[in-house]
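Below is one structure, written out as structure tokens; the observations come after it.
The values are calculated or read from the model by the stated rules, or taken from the named source; none is laboratory data. As the structure is a computational prediction, the values presented were derived from the model and not from experiment. So basically every Cβ, Gly included, is an ideal-geometry build from the backbone, and we count neighbours across all protein chains shown. The area values use the complete protein model at the heavy-atom level, side chains included, leaving out ligands, DNA and RNA. Shrake-Rupley method; radii C 1.70, N 1.55, O 1.52, S 1.80 Å.
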Amino acid sequence: MITAFMGKLARQAAEHYARTGDYLPLPYSMPHEAMLQKACFVSIIETLGHRLKGSHGSVLPCNAFLAQEIVANTVEAIIRNNIRMRPVDASSYIYEVGVLGPIERITSKEHLNPSLYGLYIRSDKNKTAAILPNRRGIDTPQEQIATAIREAAIHSTAESVTMYRFPVTY
């Protein structure tokens, strides 16, 4: 129930943004879970070819409700990734919403499993990256860490890092 609601809400947010340039107002009736404060990532995927067009989210919630996170992250994914989004285009995408569980600080790669946990990494210079679980091309904890360090532009010899893992529910 909540999974179908989340995908539908993300699609509606994209369609509304394409028509009006504004954020979708929240529906009056929502599942209880959509009214909880939770973080999420929204990924926008081409229906044909299943190519990722863009993704946006955060490891900590920025809004009071999960539904608000979904709407905001959908629009931010469109804007930050320069996705062409006319009203007719919005229905040609798949909207995948991953709801994050609590982040947990870890001290070594032994605490990671790229198929179960996402990785959030932060350097002492406040450079950050988040890698969702089951990302194509990342099969080992070492690959997950290396990808996060590269995406955050962290100089591993000059900066220390703190790592966190988090579960994701789709």
Can Phe65 be described as open to solvent by 60 Å² or more (accessible area, probe 1.4 Å) and under 22 Å from Phe5 (Cβ atoms)? yes
Under the condition of being of a type outside the set (Gly, Ala, Ser) and touching a Lys or Arg at 6+ places or on another chain (Cβ under 9 Å), which residue from the stretch 20-52 is most open to solvent (accessible area, probe 1.4 Å)? Leu52
From the list Ile79, Ile121, Ile70, exactly one residue is modelled with pLDDT of 95 or more, under 15 Å from Ile149 (Cα atoms) and touching a helix residue (DSSP H, G or I) at 6+ places or on another chain (Cβ under 9 Å). Which is it? Ile121
So Gln12 clears everything in (1) assigned to a loop (DSSP other than H, G, I, E, B); (2) open to solvent by 30 Å² or more (accessible area, probe 1.4 Å) except one condition, right? Which one? (1)
